[in-house]
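Here's the structure, in structure tokens; my notes come after.
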Amino acid sequence: DVKVTQSSRYLVKRTGEKVFLECVQDMDHENMFWYRQDPGLGLRLIYFSYDVKMKEKGDIPEGYSVSREKKERFSLILESASTNQTSMYLCASSSGLAGGDDEQFFGPGTRLTVL
Amino acid sequence: DQQVKQNSPSLSVQEGRISILNCDYTNSMFDYFLWYKKYPAEGPTFLISISSIKDKNEDGRFTVFLNKSAKHLSLHIVPSQPGDSAVYFCAETSGSRLTFGEGTQLTVNP
């Protein structure tokens, strides 16, 4: 069974703080993704990575950065947290081998609140 | 501009009846559409997919229909069960990327 774990289920931070969200997958997947989920907006892609040390911007990268130093770990960084970054953050991974229907496996999510 | 739209934020059906969840898209150059289900406090899980070269795919109680001329797909759940109550997302693939719709909250009443 694919396992995607996220470091925290709930997080409360203050405006201006630097925030790290960690994601680890145990299936040797090539691809990793960070999304945020907001009511009425669905899941929106922030950043993704096809390989170690490689990153690509998604649809809403502003205010975020990422790091992938090891294949199994993909970190999302909020350099200076703002209240509009209060959201549910979801990490996902996929093998990158299945072509068009490459299933993504999701972690349980981190509910981040920025005060 | 939202490429994948789920125009119904919520749907309520009786147990045993059919649930029909709808999704419209704008991009004709997709490879697959996937449906994901999400329970509260859990990550989304894959449910069923359909290739652009097919018009129907069935897996047990779940069937997805694709109407390419109308750029519309639908997920049918028959019979609906209370455990199906969740948020359902359709997603379009582009390489390994997914573009999700807004989601539809399905509630199946006992």
Inset, instruction - Would you kindly identify the strands (runs of 3 or more DSSP E) lying entirely within chain B that contain at least 1 residues that are in contact (Cβ under 8 Å) with a residue 60 or more places away in the chain? - result: B:10-14, B:19-25, B:32-38, B:86-94, B:97-100, B:104-109
Inset, instruction - Please tell me if B:Gly83 is small (Gly, Ala, Ser), exposed (fewer than 15 other Cβ atoms within 10 Å of the Cβ) and at pLDDT 95 or above. - result: yes
Inset, instruction - Return the only residue of A:Lys57, A:Lys71 being more than 17 Å from A:Gln25 (Cβ to Cβ) and either at pLDDT below 95 or open to solvent by 50 Å² or more (accessible area, probe 1.4 Å) (or both). - result: A:Lys57
Inset, instruction - Please enumerate the residues belonging to region B:1-22 that are hydrophobic (A, V, I, L, M, F, W, C) and farther than 30 Å from A:Gln25 by Cα. - result: B:Leu11, B:Val13, B:Ile18, B:Ile20, B:Leu21
Inset, instruction - Specify the residue that is farthest from A:Phe20 (Cα to Cα); the eligible residues are those in region A:92-107 that are in contact with a Ser or Thr (Cβ under 9 Å, 6 or more places away or on another chain) and open to solvent by less than 10 Å² (accessible area, probe 1.4 Å). - result: A:Asp102
Inset, instruction - Quickly run through region B:31-64 and pick out the residues that are within 18 Å of B:Thr93 (Cβ to Cβ), among the aromatic types (Phe, Trp, Tyr) and surrounded by fewer than 17 Cβ atoms within 10 Å (Cβ to Cβ). - result: B:Phe46
Inset, instruction - Consider A:Tyr89 carefully, then state whether it is surrounded by 13 or more Cβ atoms within 10 Å (Cβ to Cβ), within 25 Å of B:Tyr32 (Cα to Cα) and more than 9 Å from every other protein chain (Cβ to nearest Cβ). - result: yes
Legend entry - Whichever residue in region A:34-52 is more than 8 Å from chain B (Cβ to nearest Cβ) and over 15 Å from A:Thr86 (Cα atoms) and, among such residues, is surrounded by the most Cβ atoms within 10 Å (Cβ to Cβ): A:Tyr47
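The values are calculated or read from the model by the stated rules, or taken from the named source; none is laboratory data. Here the structure is a predicted model, which is why all the values come from computation and not from measurement. As a convention, Cβ positions derive from the backbone with ideal geometry for all residues, glycine included, and neighbour counts pool all protein chains shown. Only protein heavy atoms, including side chains, enter the accessible area calculation; ligands, DNA and RNA are left aside. Shrake-Rupley method; radii C 1.70, N 1.55, O 1.52, S 1.80 Å.
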